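Before any comments, here is the structure.
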Amino acid sequence: MNQRLALVTGGGSGIGREICLGLARDGRNIAVADINLVGAQETTAMVVQSGGTAIAVHMDVSETDAVHDSVIEVIDELGAIEVLVNCAGWDELMPFLSTDEAFWDRVIEINYKGILRTVHACLPSMVEARWGRIVNMSSVGARTGGISQSCIYAATKAGLIAITKNFARNLGPYGITTNAVAPGAIATPMAVEQSLSDESLLKRVVEATPVGRLGTADEAAATVVFLASEEASFITGACLDVNGGLTMS
């Protein structure tokens, strides 16, 4: 089981990078997929230096043909994909009235349709193996409507929870589980530079979090690693909150 191949989108930095490292420590072979190929290569080097097996793959989840071609590349090099972690995402902080339809479309193409594309491309391998793990990265914004994120971002992350439940119901007979993880305020470089760059907002978020601090990328990643494991075989259709108690559902 431990040698199953995991494809992680958005694996070139932040939580995605920690997921790759965590899955590699758990014995998985890793395909690090990211639109930032340099970041993916850096993560791959870290996995290899730790004794794991990994390849870097350039993947733009907003392009159907690009996703298909990248998945074929991974399968040709490392074999069937049986673990898929959808961590790629994008947003830009701005007031709603400052956004336009092009912005809305870009967020939806990456954060929502991107998941549909990767699952559609990877699913045949899982169905053939009669075993699979799909983990979708949602957000606390799906629960709150967005603390500092755009409303479009929050809506796509809420939509991922519905997708997760639908896939769990329909793919379970094939031995495939589908779950989501909803991180809260996680101290990644991008979050600190963007959504948590406002010191007053950061202070309010920490004060509203019962554990009294931001989360770390490896804490979010550990939840994903568990859901990708055999031990989580009876968990499907769930959305696990990793937010220090900021929201409780």
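Here V135 fulfils each of the conditions (1) buried (at least 22 other Cβ atoms within 10 Å of the Cβ); (2) without any contact (Cβ under 8 Å) to a residue 60 or more places away in the chain; (3) closer than 26 Å to T44 by Cα apart from (2). Mind listing just one residue for me: the one in the range 108-128 that is open to solvent by less than 40 Å² (accessible area, probe 1.4 Å) and within 13 Å of the chain's Cα centre (by Cα) and, of those, farthest from T164 (Cα to Cα)? Of everything passing the filter in the range 108-128, I110 is farthest from T164 (Cα to Cα).
Can you tell me which residues in the range 1-55 are part of a loop (DSSP other than H, G, I, E, B) and open to solvent by 30 Å² or more (accessible area, probe 1.4 Å)? Spell out how you get there, then give the answer.
Step one: filter the range 1-55 for residues part of a loop (DSSP other than H, G, I, E, B), giving 1-4, 10-13, 26-28, 35-36, 50-53.
Hits for the range 1-55 are M1, N2, Q3, R4, S13, D26, I35, N36, S50, G51, T53.
Hey, could you check the range 69-87 for residues that are open to solvent by 20 Å² or more (accessible area, probe 1.4 Å) and touching a residue at least 60 places away in the same chain (Cβ under 8 Å) and say which is nearest to the chain's Cα centre (by Cα)? Looking at residues that are open to solvent by 20 Å² or more (accessible area, probe 1.4 Å) and touching a residue at least 60 places away in the same chain (Cβ under 8 Å), I get C87.
Could you please find all residues in the range 151-166 being in contact with a helix residue (DSSP H, G or I) (Cβ under 7 Å, 6 or more places away or on another chain) and either touching a residue at least 40 places away in the same chain (Cβ under 8 Å) or open to solvent by 10 Å² or more (accessible area, probe 1.4 Å) (or both)? Let's see the steps before the verdict.
Of the residues in the range 151-166, the ones in contact with a helix residue (DSSP H, G or I) (Cβ under 7 Å, 6 or more places away or on another chain) are 151-154, 156-158, 160-161, 163.
Of everything in the range 151-166, those that are in contact with a helix residue (DSSP H, G or I) (Cβ under 7 Å, 6 or more places away or on another chain) and either touching a residue at least 40 places away in the same chain (Cβ under 8 Å) or open to solvent by 10 Å² or more (accessible area, probe 1.4 Å) (or both) turn out to be C151, I152, Y153, T156, K157, A158, L160, I161, I163.
For H58, indicate whether it is surrounded by fewer than 24 Cβ atoms within 10 Å (Cβ to Cβ) and closer than 14 Å to V8 by Cα. Yes, satisfied.
Specify which of the listed residues (W104, W90) is crowded, with 16+ Cβ neighbours inside 10 Å, out of contact with any His (no Cβ under 9 Å at 6 or more places or on another chain) and modelled with pLDDT under 95. Walk me through how you get there before you give the answer.
On the way: W104 fails: modelled with pLDDT under 95.
Within the list W104, W90, the selection yields W90.
Within the range 138-150, count every residue that is open to solvent by less than 40 Å² (accessible area, probe 1.4 Å) and within 17 Å of A88 (Cβ to Cβ). Working first, answer last.
To start, the set of residues in the range 138-150 that are open to solvent by less than 40 Å² (accessible area, probe 1.4 Å) comprises 138-142, 146, 148, 150.
The next check asks that each one be within 17 Å of A88 (Cβ to Cβ); those that pass are 138-139, 141-142, 150.
Number of matching residues: 5.
The values are calculated or read from the model by the stated rules, or taken from the named source; none is laboratory data. Values in this document were obtained by computation on a predicted structure and should not be read as measured data. Reconstructed Cβ throughout: ideal geometry from the backbone, glycine too, with neighbour counts over all protein chains shown. Just so you know, the surface numbers come from the protein's heavy atoms only, side chains and all, with ligands and any DNA or RNA stripped out. Shrake-Rupley method; radii C 1.70, N 1.55, O 1.52, S 1.80 Å.
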